[in-house]
Amino acid sequence: MFELPASIVEEIDLPDNASEGCGFIPCNLLEELLGGGNDAKNAISIQVRVIFPSMGIFKGKLVRRAGISAIQLPDAMKKVDKSNARKKGFKSTFLIINNVYPSNNSKMLERQLNPYSIRAPTKSSERELKGLGSMITEMLLGCGVPSDVFEQYNERSQNYDGRSHADLVGVCDCTVGGLPPGTVFVTGFGVGGSSGQKIFITRFPCTEPGDAKVLPVVTEKPAEMSDEDWNHICSLSFGAVMFASPRDAESISLPASINKSDLDGDIFFCLWDPMMLPYLEEMLGDDNEKEVSDEEDFEEDNVEGVELEDDIDDELLGAHVPLMIDGKTRDAIVASKTSDGNKYIVKYGEYTEIMSYAELMGDRDLVKEIVGHREKGRNAEVEVLWEGNKHSWHSFALMKEQVPADVAEYARQNNLLDTKGWKWCKDFVRDAEIVSVCSHRTRGCILQVEVMYDGDSKTTWKNAKSVDVDILATYVEENNISLCSKKWKWLEISIQRAKKNWFATAQERLSDAKRMSEYARFVESLHRAYKKRGDINDKETMSLGRAFKCAIDIGKHGGRVPLEQALRAEIPYGDKFLKDV
């Protein structure tokens, strides 16, 4: 940890998609912090935490930048806003260094790649070289590399002179716009070579071809880049892949388009073997030109050649319909209309079918929701609200089989989950948390709030006092609601009490060992189900792989993992952590 003067740190205006969690540090300051010497001079970037009450708390990477005199922090690195305290506890900046790049492995490989290096890689480091792991093996074979070509490279790669891949730290463009959009610069890789040089890039865990790209490598000074900047990036040692910024602030960044990565610490697998690249480019080359969706709901992929348009007045949109796929009936959804507005796009995961209104309505019952239940003799019935707002009563057993998720949702909303005959619904109902408050109302002397559960598309009314204080506090702040009124006065007291107990609350959440153990088994079961499938181009394999990656990310940031109902039976321990697609 280093204590630095406040003048050595400044915030800069850099679009999030240009930074992706990476800022800049002056070369001389970086070397000073690392104690001088060769390792300090060869350092490219550091992973840091920056604590400065007058600015906030920042997290991410800092990469060397020429011509600056202060650490430059973009908004994408800010995790906590500045302190509101009138009297700050300290006025200095504290900088914590977590990692220094490049890695030792990169340093050894550079000795082999750099024709001017006077030192060869050590024999001990070469003895430790291993072939490619199972995940990247499946990735390369699934992306079209013939098995014999792969095996030949895998054998060669266990020696430095035959090794054409490395794990490189990702950094943003330290020339701030000098690299052409859609390109990368690999530090220490060599310049002045072929202008057509390309590289295969992905990030672990990679589970499908869409997690990778083949990108052009900059080997000659771009016309827009200054000589100072070009000389600077050419002087950097091997060990980093520098991503060009997008054309505008609204476009998705290159790192985000590669397995939803960022630049606050992600390491990228990079391969430049000339024997495998043609096969990889043949499969992935066209995909690099496509716009990548940054929606969290990764199942809503566009249909090729179809422009998706929403129509809020169309009662069919969002309806669930049974769809026959490979001899099995699946619970699909009417996602949107085609561009001409005459037909509908029906989806189940990545499977898509275009259907007419007559095809949808002819033999298909469109359930909107379950709205009631009753006992009829020895049997039970549920009341179904159909699209078109028609009501009818049907056998509980039949609807349990056809639309179990809708029946289970009705059970949850009506407190039937522990009732005899309804307990099976727990397998379909998410143990969800309230994530937001939408509105409020008064019923008699009771203040109620309309809440949204994690993973739900519908809202529910609850007693306001049963909702977490922090969620209510966010709602009243965003809607400028005064806590002085009688019905909200209790919340002001609760907020003050919660502020005093914040540490105990955080400690309780972080020390839930039972949940952490269950979640670890859940992630393991997702990975096991994914590996059992084998073919990374299979649609269900892709869904399981995406759920596995999402689970890893959610484990750090919170939330629920989307997975089709048809695949949930393969995932033990999943009920608490999955949500329906």
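The values are calculated or read from the model by the stated rules, or taken from the named source; none is laboratory data. Just so we're clear, the structure is a prediction, and the values are computed from it rather than from any experiment. Positions of Cβ are generated from backbone atoms using ideal geometry, with glycine treated the same way; all protein chains shown enter the neighbour counts. Each accessible area value is taken on the protein alone, full model and side chains, heavy atoms only, with ligands, DNA and RNA left out. Shrake-Rupley method; radii C 1.70, N 1.55, O 1.52, S 1.80 Å.
Expressed in units of 2.2 N^0.38 Å, where N is the residue count, the Cα radius of gyration of segment 12-97 is 1.13. The simple Förster model, with R0 at 41 Å and r as the Cβ-Cβ distance, assigns Arg127 and Ser436 a FRET efficiency of 0.15.
Normalised radius of gyration (Cα atoms, divided by 2.2 N^0.38 Å) for segment 144-266: 1.11. Amide H contacts under 5 Å for Glu369: Leu385, restricted to partners 5 or more places along the chain or on a different chain, H placed in the peptide plane at 1.01 Å from N.
Measuring only protein heavy atoms, the 1.4 Å probe finds Trp490 accessible over about 60 Å².
Available extension along the chain between Ile495 and Lys82 is 146.7 nm, counting 0.36 nm per residue and deducting the alpha carbon span. Contact order for segment 58-185, expressed relative to its length and based on alpha carbon pairs under 8 Å spaced 6+ residues apart, stands at 26 percent.
Of the chymotrypsin sites (Phe, Trp or Tyr not before Pro) found in segment 137-202, none is in coil by DSSP with at most 12 other Cβ atoms within 10 Å of its Cβ. The packing ranking of peptides 562-571, 480-489, 7-16, highest mean first, is 562-571, 7-16, 480-489, where packing means the average number of other beta carbon atoms within 10 angstrom of each residue. Do any of Lys82/Lys576; Lys368/Lys420; Lys368/Lys462; Lys462/Lys486; Lys420/Lys549 go past 30 Å between their Cα atoms, and which? Those over the limit are Lys82/Lys576; Lys420/Lys549.
Going through segment 58-112, which trypsin sites (Lys or Arg not before Pro) have at most 14 other Cβ atoms within 10 Å and a DSSP loop state? Those that pass, being in a loop and sparsely packed, are Lys82, Arg86, Lys87, Lys88, Lys91. When the trypsin sites (Lys or Arg not before Pro) in segment 209-281 are filtered for DSSP coil states and for at most 15 other beta-carbon atoms within 10 Å of their beta-carbon, the remaining sites are Arg247. Backbone geometry of segment 74-80 corresponds, through the Karplus equation with coefficients 6.51, -1.76 and 1.60 at θ = phi - 60°, to 3J(HN,Hα) couplings of x, 5, 5, 8, 6, 10, 9 Hz, x marking Gly and Pro.
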